[in-house]
Every structure is written in C-alpha cells, then in structure tokens.
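One structure below.
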Amino acid sequence: MYPELETERLLLRLLQENDLEDMYALYSNSTVAKMMEHSDSIYSYEKYKKEFPNLLTSDPEFGVLDKLPDQAKLRYYWEVAL
C-alpha cells in the first residue's frame, strides 16, 4: 500500500472508486484530451464507467487533488501512474 502525501494545497493518493465522476470530467474535457495519447477517442460516460474499475486494479494510479479553500471539498486535478 502507498501512503498519501499531503501539502497545504495538494493531496496525492491512490485512485478510489468515488473518483469516477471527477476522472470522467477530466478525460472528457476536449482541451485535456488533446494532450493525451487517446485524444482521438473521448469515451462515453457508460464506457468509461465500465472500464474505470480496471484503473483501480491495474498498476498503481494516483490522483492529484487540489484542496479547495474551504477544505470541505477536493477538486480532482490529474492522474499519475508509476
């Protein structure tokens, strides 16, 4: 198991099941998708939801989350793979 790394502004942790919505919002953004290797195929939500569990069980995938000022929410910022 990998530890969480936390600073005043960011949190780096393994992806979790509840990251699905934020991950889809990130990957379905056309500006973000242009910078990624699969930019030519933005998945439908249904397809992404079906494939998302594979991210949780494959090589470690980490989420970088931006802490919002009120500390009540985290905003998903990026995914990092080892």
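Just so it is clear, none of the values below were taken in a lab; they were calculated from the coordinates. These figures come from a predicted structure and were not determined experimentally. Note that each Cβ is placed from the backbone with ideal geometry, even for glycine, and that neighbours are counted across all protein chains shown.
Annotation: amide H-H contacts under 5 Å for residue 10 (H modelled 1.01 Å from N, sequence separation of 5 or more, or interchain): 67.
Between the amide H of residue 61 and those of 15, distances stay under 5 Å, these residues lying 5 or more places away or on another chain, with hydrogens modeled in the peptide plane. Label sites at residue 35 and residue 14, each approximated as a point 7 angstrom past Cα along Cα to Cβ, lie 2.7 nm apart.
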